[in-house]
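K.L.:
Structure in structure tokens, see below.
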Amino acid sequence: MHFSSTPSSSDSSPSPSSLPLAAYGWDADREAEFVPYAQQGLLPGRVVRVDRGLCDVVTEAGIVRADTEFVVPRDPLKVVCTGDWVAVDPEDADPRYVRTLLTRRTAFVRSTSSKRSEGQILAANVDHAVVAMSLAVELDLGRIERFLALAWESGAQPVVVLTKADLVPDPVALSYLVDDVEASAPGVPVLTVCARDGDGVEELAALLGLGTSVLLGASGAGKSTLANALVGEDVMGVQATRDMDGKGRHTTTTRNLLTLPGGGVLIDTPGLRGVGLWDAGAGVGQVFAEIEEFARGCRFHDCAHESEPGCAVRAAVEDGDLPPRRLESYHKLVRENRWIVAKSDARVRADVRQDWQRKQAAGRAAGEAKRGRGPWRPAPPR
């Protein structure tokens, strides 16, 4: 069973008996949370698609089209999103509206811009965040780390899927690529998949289980092909692969919630060009768990792992226990995340300013010392 990206019509809606909400993640806790809304005559449902102020909501009576006018907050992180559980008007209402959102257990959020402090929620109530990376192009380990930081911060369990594995026929070369990704993704399952041939699809489906998963990645990563393979039907449009470089093309334009034949649901998302961090400090720490471990041996508890004496992290780099690329990536994501947080947090903003002033002063002192001037001292009396 699946739901297409187009609004359902009366002749194509599944029957109520084939749509138990338990298949979409409804449980006893949700049931208890919904009691006050049930007393108002409202119906529970899960958002399967959002489009220009309207959304498709799956309820016990099938899929309904509802307006989100009554739940349009100023905060962009509180807008209705695919994966949300909501309360909608009863069947006899015309038009039908989403009246409220139920509590989100997890939320995958990214920054929409490096210039503005705005976040965008991509999926709600997600158990697994599947990061799809194509083997048709050179792997960008830094981008994988960025996705994983957001995934860990969301509260979901990340999974990395290397798609188009058939394009790397040499098993030794493929093994090296997997090793590189695993080293950049501690605690994260890494799978290779050829969705077109079905290789690795069953293993991924078993790993995802009966919960909710969101499929993330850049355009051309093979997400739609992978979604079709997991669902078992061609529910997502797929364009032909380009002959020149083996890449696919951008096809998905909305976030769609699809049911999986073995249980659970999958949220397919459009290709993401930018993956900006959004208050993901804990997620960054999880991605770079080995750096956090080395940091416990630093002389100073607030060591930035740059030029401080007694830095155990830099010592690990010098000893060959930590790849320099990992530390560079860590510094980059920490700086970016701090910058984003500083835009909306005055205290953090002050800390960033003080840190910048301290580094400026250190740079000037180093320049003076290099020119042989040293720190200024008054001339001794004659």
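The values are calculated or read from the model by the stated rules, or taken from the named source; none is laboratory data. Since the model is a prediction, treat every value here as computed from it, not as a measurement. Because the Cβ atoms are built from the backbone with ideal geometry, glycine has one as well, and the counts that use them run over all protein chains shown.
K.L.:
Say we look at segment 249-305 and pick out the residues that are within 22 Å of the chain's Cα centre (by Cα) and free of Cβ contacts under 8 Å to residues at least 12 places away in the same chain; which of these is nearest to Thr225 (Cα to Cα)?
P.N.:
Result: Gly285.
K.L.:
Can you tell me which of Ala342, Ala315, Ala350 is over 22 Å from the mean Cα position of the chain (by Cα) and at pLDDT below 90?
P.N.:
Details: Ala342 fails: over 22 Å from the mean Cα position of the chain (by Cα); Ala315 fails: at pLDDT below 90.
Among Ala342, Ala315, Ala350, only Ala350 is over 22 Å from the mean Cα position of the chain (by Cα) and at pLDDT below 90.
K.L.:
May I ask you to say which residue of Leu139, Leu101 is farther than 21 Å from Thr82 by Cβ, surrounded by fewer than 21 Cβ atoms within 10 Å (Cβ to Cβ) and either in contact with a strand residue (DSSP E or B) (Cβ under 7 Å, 6 or more places away or on another chain) or among the charged types (D, E, K, R) (or both)? Steps first, answer last, please.
P.N.:
Details: Leu101 fails: farther than 21 Å from Thr82 by Cβ.
Among Leu139, Leu101, only Leu139 is farther than 21 Å from Thr82 by Cβ, surrounded by fewer than 21 Cβ atoms within 10 Å (Cβ to Cβ) and either in contact with a strand residue (DSSP E or B) (Cβ under 7 Å, 6 or more places away or on another chain) or among the charged types (D, E, K, R) (or both).
K.L.:
Still on this structure, I have one more. Would you confirm, using the coordinates I've provided, whether Gly297 is of a type outside the set (A, V, I, L, M), assigned to a loop (DSSP other than H, G, I, E, B) and assigned by TED's automatic domain parsing to the domain that holds Ala195? Working first, answer last.
P.N.:
Details: of a type outside the set (A, V, I, L, M): yes; assigned to a loop (DSSP other than H, G, I, E, B): yes; assigned by TED's automatic domain parsing to the domain that holds Ala195: no.
Criteria not met by Gly297.
K.L.:
Of the conditions (1) touching a His at 6+ places or on another chain (Cβ under 7 Å); (2) within 18 Å of Phe147 (Cα to Cα); (3) of a type in the set (D, E, K, R), Arg273 satisfies every one except a single condition; which number is it?
P.N.:
Looking at each condition in turn, Arg273 falls short on (1).
K.L.:
In segment 70-100, how many residues are free of Cβ contacts under 8 Å to residues at least 40 places away in the same chain and under 19 Å from Thr254 (Cβ atoms)?
P.N.:
Within segment 70-100, residues that are free of Cβ contacts under 8 Å to residues at least 40 places away in the same chain and under 19 Å from Thr254 (Cβ atoms) number 3.
K.L.:
While we're here: With the condition kept exactly as written, say whether any residue in segment 92-100 is aromatic (Phe, Trp, Tyr) and modelled with pLDDT under 95.
P.N.:
no
K.L.:
Still on this structure, please answer the following. Among the candidates Ala93, Ala107, Ala61, which residue alone is buried (at least 21 other Cβ atoms within 10 Å of the Cβ) and not charged (D, E, K, R)?
P.N.:
On the way: Ala93 fails: buried (at least 21 other Cβ atoms within 10 Å of the Cβ); Ala61 fails: buried (at least 21 other Cβ atoms within 10 Å of the Cβ).
The unique qualifying residue is Ala107.
K.L.:
If you scan segment 151-180, which residues turn out to be surrounded by fewer than 20 Cβ atoms within 10 Å (Cβ to Cβ) and within 19 Å of the chain's Cα centre (by Cα)?
P.N.:
Selection gives Gly155 alone.
K.L.:
Looking at (1) more than 21 Å from Leu327 (Cβ to Cβ); (2) of a type outside the set (Gly, Ala, Ser); (3) out of contact with any Gly (no Cβ under 7 Å at 6 or more places or on another chain), can you tell me which one Val131 breaks?
P.N.:
(3)
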